[in-house]
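Participant: Quick one: the structure is below, questions incoming.
Every number in this text was worked out from the coordinates using simple rules, so none of it is lab data. Values in this document were obtained by computation on a predicted structure and should not be read as measured data. We place every Cβ from the backbone using ideal geometry, glycine too, and count neighbours over all the protein chains shown.
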Amino acid sequence: MTVWIALVVAILGSWWLGYFSRRHPSPSDNGAGLRRDYLRGVNYLLNEEPDKAVDVFIKMLEVDGDTVETHLAVGKLFRRRGEVDRAIRIHQNLIARPDLDKAYRDQSLFELGQDYLSAGVLDRAERVLQESVNVKQYAIPALKALRDIYEREKEWENAIRTVERLAQLTRDNLSPTIAHYYCELAEKALAALQPGVAMTALEHALQVDTNCVRASLLHARLLMKENDYRAALKQLKKIRQQNADYLSEAVDDLARCYEGLHDETHMVKFFMQMVDEYPHVPVVLILAERIRQQKGDKVAQDYVADYVRRYPSLRGLQVVIDLHLSTMAGQARDDLMILHNLTKKLLADKPDYRCAVCGFGCNSLNWQCPGCHRWNTIKPLHCFEGM
Ligand SMILES: [Zn+2]
């Protein structure tokens with residue numbers, strides 16, 4: 001209620017100031033009509049119908065240089081309170097005035113675009129914001145709003161054009177985001193069984209951002225489909241330099257490439273080097289399986305146990321338990337099974353990935369964070385230390 005009273009006071013203050021400073025009311029003026037509206041508004045307020053009261057007071061406001069600021073402030077306030085329909089009405093009324101100053105018209109148009117965005121009417125928001133892009137003062141926020149629209153609508157070509165323009169204006173490095181848009185196009189083409197189109201999009205992605213892990217992963221998977229394991233391996237190995245945080249995402253594909261090339265020796269050698277630098281659980285798992293096949297269960301168990309001692313974690317403990325389970329029987333196995341179920345339950349509540357910016361946790365890799373909508377901020381929680 002306090003907010004409404006403050007709002008009404010602001011509106012009335014603005015009206016009275018404007019009314020008395022510009023006008024010299026004569027008996028023929030519409031003062032009587034305004035007084036009637038004013039009393040009607042106060043009546044609504046006293047009857048605790050603030051919505052109707054505000055409607056009346058807004059109607060009383062004359063749109064000109066002195067009151068337009070109040071209209072804009074009230075419009076913004078409505079939007080912030082979630083009353084977007086009212087905000088839209090106010091801004092539409094402003095724009096409809098043919099005598100409105102150009103600067104105010106530009107501002108009202110931009111505000112209207114924000115209203116439509118808040119209301120989820122994206123096609124109208126897009127149309128209005130496209131106009132705001134041409135006004136220097138609103139170009140950057142309008143482009144950012146358009147980017148959000150195109151991301152939500154998955155219109156990736158438009159998103160590319162918009163963010164390219166945004167990068168020119170802000171001089172920010174937005175290449176990683178643009179590369180993700182190309183990856184989105186590639187994934188769309190793959191779903192439509194157009195590998196050629198996908199490959200072109202991935203090449204664009206890597207031209208824009210040579211450190212785009214997602215493009216390298218997708219590129220490698222495309223090559224693997226064509227049984228070109230050597231070229232795929234080359235793409236996957238690039239990830240180490242691009243962003244080692246995502247290496248664990250490539251582990252299974254790396255193993256498949258070596259298997260495709262029937263090169264077990266180099267596979268073990270490669271992963272042995274990798275695990276020293278990046279002791280990620282998926283790498284240890286692949287090595288443990290190789291060791292188990294070549295040297296037996298006991299050696300594999302000792303290998304993993306050694307890593308868990310160096311990098312203690314729940315996930316690592318579960319790997320050790322699972323390895324022992326396969327070789328045990330009777331009561332000992334039953335006892336270990338209790339521990340297995342316990343670690344499994346504890347791990348089920350833990351996310352596998354987390355956003356480094358907003359902390360959003362999830363169990364699959366999202367290249368765009370569902371929480372804060374940033375790209376490349378969700379990382380795998382794969383290190384033994386962290387889990
Ligand atoms: Zn986030």
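Participant: When N is the residue count of region 71-111, what does its C-alpha Rg come to as a fraction of 2.2 N^0.38 Å?
Facilitator: 1.07
Participant: Same structure again: Based on the Cβ-Cβ distance of residue 241 and residue 328, what FRET efficiency does E = 1/(1 + (r/R0)^6) give at R0 = 45 Å, to the nearest 0.05?
Facilitator: Using R0 = 45 Å, I get an efficiency of 0.60.
Participant: Still on this structure, please answer the following. Could you please rank 162, 177, 200, placing first whichever residue has the fewest other Cβ atoms within 10 Å of its Cβ?
Facilitator: Numbers: 162 26, 177 22, 200 15.
The fewest-first ordering by Cβ neighbours comes to 200, 177, 162.
Participant: Can you tell me what percent of all Cα-Cα pairs in region 204-261 are more than 16 Å apart?
Facilitator: Numbers: 551 of 1653 pairs.
Roughly 33 percent, once rounded to a whole number.
Participant: Ranked by Cβ crowding within 10 angstrom, fewest neighbours first, how are 108, 248 ordered?
Facilitator: Ordered from fewest to most neighbouring Cβ atoms within 10 Å, 108, 248 come out as 248, 108.
Participant: If you stretched the chain out fully between residue 136 and residue 105, how much longer would it get, using 0.36 nm times the residue separation minus the C-alpha to C-alpha distance?
Facilitator: 9.8 nm
Participant: Between residue 228 and residue 168, how many nm apart are label points set 7 Å from Cα along the C-beta direction?
Facilitator: A separation of 3.4 nm, rounded to one decimal place.
Participant: Can I ask one more? Which loop-located trypsin sites (Lys or Arg not before Pro) does region 148-179 contain, where loop means any DSSP state but H, G, I, E or B and the Cβ has at most 12 other Cβ atoms within 10 Å? Intermediate results must be reported in sequence, preceding the final value.
Facilitator: Working: sites: 152, 154, 161, 165, 171; in loops: 154, 171.
Those satisfying the criteria are 154, 171.
Participant: Separate question: Let me check against my output: what whole-number percent is the relative contact order of region 173-262, with C-alpha pairs under 8 Å and at least 6 apart?
Facilitator: The normalised contact order for region 173-262 reaches 24 percent.
Participant: Which FRET efficiency, nearest 0.05, do residue 339 and residue 298 yield, Cβ-Cβ r, R0 22 Å?
Facilitator: Details: r = 19 Å, r/R0 = 0.88.
Here the calculated transfer efficiency is 0.70.
Participant: At 1.002 mPa s and 20 °C, plugging the Kirkwood radius over alpha-carbon pairs of region 279-350 into Stokes-Einstein gives what diffusion coefficient in µm²/s?
Facilitator: 171
Participant: So what's the net charge close to residue 175: Lys and Arg +1, Asp and Glu -1, counting the other residues with Cβ under 12 Å from its Cβ? Mind dumping the intermediate values first?
Facilitator: On the way: positive: none; negative: 164, 172, 209.
Charge balance near residue 175 sits at -3.
Participant: If you don't mind, there's one more thing I want to ask. Find, to one decimal place in angstroms, the Kirkwood hydrodynamic radius of region 149-258, where the mean of 1/r is taken over every pair of different Cα atoms and then inverted.
Facilitator: 14.4
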